[in-house]
Structure formats: C-alpha cells, structure tokens
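The values are calculated or read from the model by the stated rules, or taken from the named source; none is laboratory data. These figures come from a predicted structure and were not determined experimentally. Here the Cβ positions follow ideal geometry from the backbone for every residue, glycine too, while neighbour counts run over all protein chains shown.
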Amino acid sequence: MSKVLMISEQFIKDNSVIDENVDVKLLRSTIWDCQRDYIKPILGTDLYNKLESDIKSGSVSGNYLILLNDYVAESLIKWVVYESVPTLTYKYRNKSVGKGSSDHDNPINYAEIKGEMDRWRIKAELRSQDLTNYLCAKSVLFPEYSSNVDLDDIKPKNNNFTIPIYLG
C-alpha cells in the first residue's frame, strides 16, 4: 500500500519550526500518523479518501484545493510539530532508547517537553477547529463530508478540543 501524504516533508520544513536537517524518514512517518490520527476523524472516511485519491492522481482542484491548502495543511502542520517533539527528542536505537544531544544543545527535561507539546497541541486544536468550522459552513461544496454511511466509516467529529482536567 502506498502512503499518500497530504503535505510534503519540505512543506513542513519551510512552514514550521522544524529544522532543515531533520531526517525526512522521521517526518514522513509523523505526517502519515497525523493524517490518520487527527485529520481523518475531522474529514470523515469519504472526504479523506476523496482527497487522498485526488492527491495520488494529481487532480486536486477547485474547492478541494482550497480545503487542502488553506485548512487541512494548516491543521496538519501543527499536529506534525506536536507529534515531532518526542520523536525528535528521543532516539530509538538497536539496544535502547536515548535522548539525542549535540555539542551546542542542552537536553531538556520532561516538564519542558510536556510544556512544548501542550503549546503545539493547543495550536493544532485551534487549526483543526478552523477546519471543522469551514467544513460545516461549506458542507454543500463537499458532498463526501456527510456521505459516511457504511458501518466502518469514520463520521466527522465537530469538536477538536481536549480538556486535560480530571473531574473524578
């Protein structure tokens, strides 16, 4: 199965805080995971598959191009940065998991990593809600948004915010 990415590794490097020297292998896998974990539940199965098919065939145009460039890419890039924080902090090697460092960097502690992830999660949730609001307002332009009827289809969600509060 070939994986169709909705944004490229270079797009991430050009439009985010992620440095040019980050291995594309790490980014490619993170983009794919973020598409499946965060974007697909927003779009729903049918619209996600339509975009994926159009990207693969090189035929994204019109309202779908606007959706992809102005909303999906904006949300996806924030989720990729969010998911990249631990991925780029820890290195998975043959014998162990270690924390990467260089001569000019100082390793950060877990609280700093968590704070950075929280910051990016909030940005990603805001962009995801922008995507959801756009789809709800323009649903007539995207018939696939409301056509998820199969039992195994993911139906689009309408709220993208999480609340990290324990009420128990």
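Given LEU167, LEU67, which one is on the phi < 0 side of the Ramachandran plot, under 15 Å from the mean Cα position of the chain (by Cα) and either modelled with pLDDT of 95 or more or surrounded by fewer than 19 Cβ atoms within 10 Å (Cβ to Cβ) (or both)?
The match here is LEU67.
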| Members of the range 138-162 found to be assigned to a helix (DSSP H, G or I) and either at pLDDT below 95 or surrounded by 18 or more Cβ atoms within 10 Å (Cβ to Cβ) (or both), listed by number | SER139, VAL140, PRO143, GLU144, TYR145, SER146
| query | Quick one: which of ILE42, ILE12 is over 24 Å from PHE142 (Cα atoms) and either surrounded by 16 or more Cβ atoms within 10 Å (Cβ to Cβ) or without any contact (Cβ under 8 Å) to a residue 24 or more places away in the chain (or both)? | reply | ILE12
| said: Residue pairs, Cβ under 7 Å, 6 or more apart or interchain, first in the range 104-132 and modelled with pLDDT of 85 or more, second among the β-branched types (Val, Ile, Thr) and surrounded by fewer than 17 Cβ atoms within 10 Å (Cβ to Cβ). List them. | reply: GLU125/THR162
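Kindly provide the set of residues from the range 26-64 that are small (Gly, Ala, Ser), more than 28 Å from LEU88 (Cα to Cα) and either over 16 Å from the mean Cα position of the chain (by Cα) or part of a helix (DSSP H, G or I) (or both), ordered by number.
Of the residues in the range 26-64, the ones small (Gly, Ala, Ser) are 29, 44, 53, 57-59, 61-62.
Imposing the further condition that a residue be more than 28 Å from LEU88 (Cα to Cα) reduces the set to 44, 53, 57-59, 61-62.
If the condition is that a residue be small (Gly, Ala, Ser), more than 28 Å from LEU88 (Cα to Cα) and either over 16 Å from the mean Cα position of the chain (by Cα) or part of a helix (DSSP H, G or I) (or both), then SER53, SER57, GLY58, SER59, SER61, GLY62 are the ones that fit.
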